[in-house]
Structure formats: C-alpha cells, structure tokens
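> Before we start, here is the structure in question, set down as structure tokens.
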Amino acid sequence: MAFAHPLWSIAEVVREVMIQSADEHNTLAKCAIVSRALSEPALEVLWEKQQGLGKLLGLLPASFKKADSGADVQDQFGNNIESESFVLYNPIQEQQWSRLVYYAGLVRSFSGMEDAFDGLAAAVLIQKLNGRALFPRLKRLVWKRPFDGAASALLVLCLSPMLRNGVYLDVLEGGMGRFRHYSRTGPTAAEYAYGTALQLIHSHAPKVEDVQLWTSGFSCSVARLREFDNLRVLTLRQVIDVALVFDVCKSLPLLQKLDIYVARPDIEPEPEPVQPAIPEFTHAGLTCLELNAPPQVALAALEALHAPSLRSLGLLFEAYEDTWKRCTELIASRFADSLRTLDLEVEDSYHDADIGISLHDWFSPLYTLRELRSVGISSHFETRFTITANDVHAMGAAWPQLEDLRLPTVQDEPLLELPITLLEVLVTRCLRLKNLTFPLPHHEPLLADEEVPVPAEKASVEDVRLFGGSWPPDVHERCMAYLERLFPQARSILLDEDLEGDDV
C-alpha cells in the first residue's frame, strides 16, 4: 500500500500548490475528488474567482435554466442576436440549495457583467437567503451592468461585510452611454443609481477600501462616498467636475490614491476654453494622484492641490506647450521634497501642428526634483520630442537615485545627436537604474574597427527598450555586442524589430 508523503499533511503547503495551479482547472478538479486533504484547498482555488452566476446556478438544475428573453437585442454592429435570461421554473430543492450555499461561500471575487436575470427570480433568491449574503466571504466585486430592476436585485445579492479589496461599478447605460455624458447639464437616472448603489454598499460593507466608478461625478452620484471612512483608493471615470471630486475627497481621511479621468467633449472647441479656478484642495495623506484631463482642467487641478505627502504623480493631456510648461514648474515647486514617481503622457493636439518639441523647454524644471526614482515621459501617436545629449547629461546629473527611466521614442531613424555611447552617461551616474526606455541611439561611434570599451562601474540594468528606427545590417551585430557589454545583467534588450507582428 502506498502512503502519501507527510508533506501533503501540511495545509499551508497544499494550499500553495493549489494556488500555483490556479490556471489548470482540470488538474484542480481532479485534486478535488482524489482525497480529503486536497479537496478543500482545490475547491477554494476553483471557486475563488467567478464571472457571472452561470456556474453557481448550475448547482440548481431542477430550479433554474436559461430561456429566450424575447427582447430585441443588437450587437455593436447592429446585428440581431439571441438574448437569454436565467429564469426560475421550479421551487428550489433544499439539498441543491445547501450545495449552492457551500460553494458560494468559497467565492472571493465576483464579476457581474453579462448574465441576464429575471428580477422576480432574483427576489426569490433574496427571500431564500433571508438577510444573509450570497457570497459571505466576497472581497472584490466588479459590476458592469445597465441599471434596471433585475440588476439592482442582483447587486444586493452580491454584497458582503467582507467586501474590502475593491468595488468596481459601471451602470451608465451598458457601456457606450458613459461616453455621452459630457454635454448633459444634469444627471440621468443612471447617475442617481450610483448614489443608491453606494448607499447599499455602505450599509452592507462599510469597510470597503477601494472604489472605482464610471460616473460623470454629479453630487447625486458621488456625495455618499464621504461616508466611506476606510476608503484608501478612489478611481473615477468620465468626471465632468473635478472641484466636486476634490471636495468629496476632503472627507476621506485615509485616502491615499486618487485616479481621475475627466470627460472630453465630442468635438473639442478651439481655442480651448479657460476653466474656472478649482478651490484649494489640501490632503495630508494623499500619496498618489493620476489625472487624465483636458489641459486647462489639469492645470487648474494641479494649482489647487496641496499634498505634502504626494509620492507619485501621473498626468495625461494634449500637447499644449504653455500648459505643460506651467505644470512642470508647479510640480517642481510643490512636490520637490516628496515626489518619487512621475509619469507624464503627452497626446497629440490638432490645435498645434508643430513637430520636434524640445524636451528641455517643456520638462527641464523637473531637474530640481533630486529624489525621483521613476520618470516616464511618453508621447502618444505622432507627438515628437527632440532629445539632445545635453538633456541626457542633465538627467544623469539631476536624478542619481533613478531606477526607471522612460523617454519618448517617436522617431523614424536614429539621430546623430544621440550616439550609442551616450547611454554610458545614464548607467554611470544613475547606479540604481534597472529599466530603461530610450530612442534607438545612433551607431556612428561603433563604425571604427576598434572595440569601444564600456565603464567598469555601472548600473545593473535589467530591462532595455530602444525604439524608433533600425541600425544598418552591417553594424547591427556590433551595436548589439556593445549593448550586451554595457548591460551585462539585462534580461532583455528589445528593439523595434523584436516587436514586429506583435500587438503593442
């Protein structure tokens, strides 16, 4: 008779093995039936994350099934598609219900997105639960459904006192409607539904720490966020009033990260309208701000912000020179002591057709931020930046603690102004550098027959990405050999050619 190794009697070891096998559903299913020691850990991993109620309601085969909803439903291309809904067709059997309750108790993360559900059937489930949570151990909830009676009833089913890790709500008309709210002067019924949903969530799960909402951010939508005393992370999409969001955040003492995407109009006005000033927003605990907004809104928000503990800042808006210059000056003056991570993304602006923007002119005020660990400056689409050797020397001198540097790589071919040996400036002055994204440098210094030496003392860079053009075939191998000597610890050195055919 063969005996199991004593190792399998250690619950923590078994659980870790199951977690490492999370993607192998067939393996986990076999483990669940092979022995008692493996069954419970395997089932916990199998049921930890659920999308929709289909799998769960499959445990009630004598009571629930899918039936034609009879509704006219079209896909995004206007084609008619079949629509089915879960319906209750027989009373729930107690034995099957007990089994459902057991497996529902294993669910930690639930995504409610696609299943259509009869509202009356949802009411039966609520009655059957008699005040108990369907998912008593649920920690994360993703809810992307248009608001209606059935969806609202299902939301109540999913709420649990253990819900802390995150609540993601998107009820704006099922998707595309959420992009059409900029022009509305008042809230729709869906916006009021957010306030009601937050009231329900707070009554069932008052200790939620992470909330994300697709909402225009009217008072009726977000005012109840003030009641979430434990909120640490807040993400809002399609906001139209940053001032109101800031005002709400003043009542969130534990808030650490704020991520705001501000809605744009369908057709941008020219010139961009001047935004009214945003009242001063002071928050001692805020450590991270991500802001994607029209240029004047981004500037007004940054002028209003006073966050002495801010360590990470991300900004994204269109290529307006004066606004970017003012923003970088504000960053340098307001956050010099605290900021460690800075991520700046520049999008094309059709109101300014200039190309070859000087990186120095826009971003040189940032050189006064001596404690930065991560700097990312990227350009979307075709916004081009001119980077010079002086810029690279200035970065190396200004940011000695740098661990991650990402610069714009929108160029057609390598430029003589950025020779390949210039990379030595960064790796010898930023000795903690681990990740580097840089425009493909020019090969000219390697054209001589002699091997170009590399510095002995240098950073142990682990990831190198050099994009924008290619080297001539006759010097490509020589360039790669130089990079391998300059970055001996690199796990990868990627060029444009390495990404051909990939979705990037």
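The values are calculated or read from the model by the stated rules, or taken from the named source; none is laboratory data. Given the structure is predicted, the values throughout are model-derived calculations rather than measurements. Every residue, glycine among them, receives a Cβ derived from its backbone with ideal geometry; neighbour counts consider all protein chains shown. With ligands, DNA and RNA removed, areas are computed over all heavy atoms of the protein, side chains included. Shrake-Rupley method; radii C 1.70, N 1.55, O 1.52, S 1.80 Å.
> Kindly provide the set of residues from the range 304-322 that are out of contact with any strand residue (DSSP E or B) (no Cβ under 8 Å at 6 or more places or on another chain) and under 22 Å from Gln256 (Cβ atoms), ordered by number.
Listed by number, the residues that qualify are Pro308, Ser309.
> Sticking with this one: I'd like to verify a number: residues in the range 31-57 that are modelled with pLDDT under 65 and of a type in the set (Asp, Glu), how many?
Total meeting the criteria: 1.
> Pull out all pairs, ordered by first then second residue, where Cβ-Cβ is under 9 Å, the residues are six or more apart or on different chains, the first lies in the range 90-102 and is within 7 Å of Ser63 (Cβ to Cβ), and the second is of a type in the set (Phe, Trp, Tyr).
Here the result reads Asn90/Phe64; Ile92/Phe64, each pair linking the range 90-102 to a residue that is of a type in the set (Phe, Trp, Tyr).
> While we're here: How many residues does the range 159-188 hold that are modelled with pLDDT of 85 or more and open to solvent by less than 20 Å² (accessible area, probe 1.4 Å)?
Looking only at that region, the number is 7.
> Give just the number: which of (1) without any contact (Cβ under 8 Å) to a residue 24 or more places away in the chain; (2) surrounded by 15 or more Cβ atoms within 10 Å (Cβ to Cβ) does Phe110 not satisfy?
It is condition (1) that Phe110 fails.
> With respect to Glu497, is the statement that it is modelled with pLDDT under 95, among the charged types (D, E, K, R) and either farther than 14 Å from Glu403 by Cα or part of a helix (DSSP H, G or I) (or both) true?
It is true that Glu497 is modelled with pLDDT under 95, among the charged types (D, E, K, R) and either farther than 14 Å from Glu403 by Cα or part of a helix (DSSP H, G or I) (or both).
> Could I ask something else about it? Out of the residues in the range 374-397 meeting the condition of being assigned to a helix (DSSP H, G or I) and in contact with a Lys or Arg (Cβ under 7 Å, 6 or more places away or on another chain), tell me which one is nearest to His476 (Cα to Cα).
So the residue we want is Gly396.
> Going residue by residue through the range 413-428, is there one that turns out to be loosely packed, with under 13 Cβ neighbours inside 10 Å, in a loop (DSSP other than H, G, I, E, B) and at pLDDT below 95?
Yes, because at least one residue in the range 413-428 is loosely packed, with under 13 Cβ neighbours inside 10 Å, in a loop (DSSP other than H, G, I, E, B) and at pLDDT below 95.
> I need the full set of residues from the range 189-203 which are open to solvent by less than 50 Å² (accessible area, probe 1.4 Å), among the aliphatic types (A, V, I, L, M) and either within 19 Å of Leu159 (Cβ to Cβ) or at pLDDT 90 or above (or both), in order please.
Ala193, Ala197, Leu198, Ile201
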